[in-house]
Amino acid sequence: MAATIITQPRPATATTTYFAYGSNMHAVRMADRCPRADFLGVAQLRGWAVRIDARGVATIDRADEATTYGLLWTLTPGDEAALDRYEGVRSGYYRRETLTVDGPGGPTAALVYIGADLGRGPARTGYLELILEGAAVAGIPASYLAVLAGLAGLDAAQ
């Protein structure tokens, strides 16, 4: 799965499929950040593992045997611009990539934000609980909820 950075402008009416694996799995948070976003369903990103970075937020790293679960959303251009601002793309906190995810309708190209910080650290207060709540409500499998819950001990100790 080759990742490509999105560089081409899209027409103002186009929508973007977005894969959320962190706090944007929480429907209330997404509604605040991207009020016109539509939920498409649960998806899997194979070959990537979720972790908590030194800033205390989720990111993903390449890991051949791993699978990261998340949610697919469609974004309007306005929602996408708002999410770029929220994720700190201009400041270099996250970069945008297009990756292939396995979604409800099969493989699809999706926008994914990947953290630039290569360090590890503990999650911000309340952050993992927010992710877990959103993931559980959306129907992420219990086995993966355990992976997310395990990030608290793993990353806090490193």
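May I ask you to order 41-47, 15-21, 85-91 by the average number of other C-beta atoms within 10 Å around their residues, highest value first?
Values: 41-47: 17.9, 15-21: 23.0, 85-91: 14.0.
Top to bottom by mean Cβ count within 10 Å: 15-21, 41-47, 85-91.
How do 108-114, 138-144, 69-75, 122-128 rank on mean C-beta neighbours within 10 Å, highest first?
Most protected by this proxy first, the peptides run 69-75, 108-114, 122-128, 138-144.
Please list, in order along the range 70-78, the HN-Hα scalar couplings obtained from phi with the Karplus expression 6.51 cos²θ - 1.76 cosθ + 1.60 (θ = phi - 60°), rounded to whole Hz, x for Gly and Pro.
3J(HN,Hα) across the range 70-78, in whole Hz: x, 10, 9, 10, 9, 10, 6, x, x.
For the range 16-157, just list the percent of Cα-Cα distances falling in each 5 Å bin from zero outward, please.
The calculated distribution, bin by bin, is 2, 11, 21, 25, 24, 13, 4, 0.
If the chain between T108 and E133 were fully stretched, how many nm would it gain, using 0.36 nm times the residue separation less the Cα-Cα distance?
So the chain would gain 6.5 nm between T108 and E133.
Remind me, relative contact order of the range 16-157 in percent, using alpha carbon pairs under 8 angstrom and six or more residues apart?
That works out to 31 percent.
Would you order V137, V50 from fewest to most other beta-carbon atoms within 10 Å of each residue's own beta-carbon?
V137, V50
Values quoted throughout were computed directly from the atomic coordinates according to the rules given, and no laboratory measurement underlies them. Everything quoted here is computed from the prediction, not taken from an experiment. Reconstructed Cβ throughout: ideal geometry from the backbone, glycine too, with neighbour counts over all protein chains shown.
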